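Structure, as structure tokens:
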Amino acid sequence: MSVSLSSVKKPFCGGFSQWWHRLAYHHKWAESLLYLMFFSGLLLWDTVSVSWKIERWTLLVHMLVGATLFTVIVGAFWGAHRRLITSSKKPFLRQTGTAIEWLLMACCLSGFYLFFYGTPGNSLGEAIQDVHFYSSWLLAPLVFRHAMRWSVLNMKKFFN
């Protein structure tokens, strides 16, 4: 009797493996968070002048979402999606995926530095702030182009 019961149960590892494989193709949360972080970062840009009331709340949300939700959701998606860089038969997706991976690492590492140390006014802080700023400017449109057909910003799918 115990033999038949154990054969009915699915192993935990198999269930996790299936979930991890499916996660590689479910990008909506990860992509949406990336765009939210990009647009909240735009509001923090000196060229876009918003009132201090809005800027301080935007900075708080940008930092907290970046350090928590973005890290967990995009990190899990990236980890699951990463194997597609090597296994994809489409060179464009492999190339843009690799570029996204490097830009994401640069943006996240510089973001964590800014989260913990800020911009103290020295040249290192300013350089890291520039890395964070410019990598996000490259990252957001590249992610959109990489996933254009499936993107959450693709409006054609709503009108067909």
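The values are calculated or read from the model by the stated rules, or taken from the named source; none is laboratory data. The model shown is predicted, which means the values in this text are computed figures rather than measured ones. Using ideal geometry, Cβ is built from the backbone for each residue, glycine included, and neighbour counts are taken over all protein chains shown. What goes into the accessible areas is simple: the full protein's heavy atoms, side chains included, and nothing from ligands, DNA or RNA. Shrake-Rupley method; radii C 1.70, N 1.55, O 1.52, S 1.80 Å.
Put a dot 7 Å past the Cα of Leu42, heading toward its Cβ, do the same for Ser88, and the two dots end up 2.4 nm apart. Considering all C-alpha pairs of the range 33-160, those separated by over 19 Å amount to 54%. Highest-first packing order for the peptide set 54-63, 97-106, 33-42 is 33-42, 97-106, 54-63, based on the mean count of other beta carbon atoms within 10 Å.
Between Lys28 and Leu124, what is the FRET efficiency for a Förster distance of 35 Å, r being their Cβ-Cβ separation, to the nearest 0.05? With R0 = 35 Å, the Cβ-Cβ based efficiency is 0.45.
Going by accessible surface with a 1.4 Å probe and the largest first, Arg94, Arg82 read Arg82, Arg94. Put the Cα centre of the range 34-59 next to the Cα centre of the range 113-138 and the gap is 15 Å.
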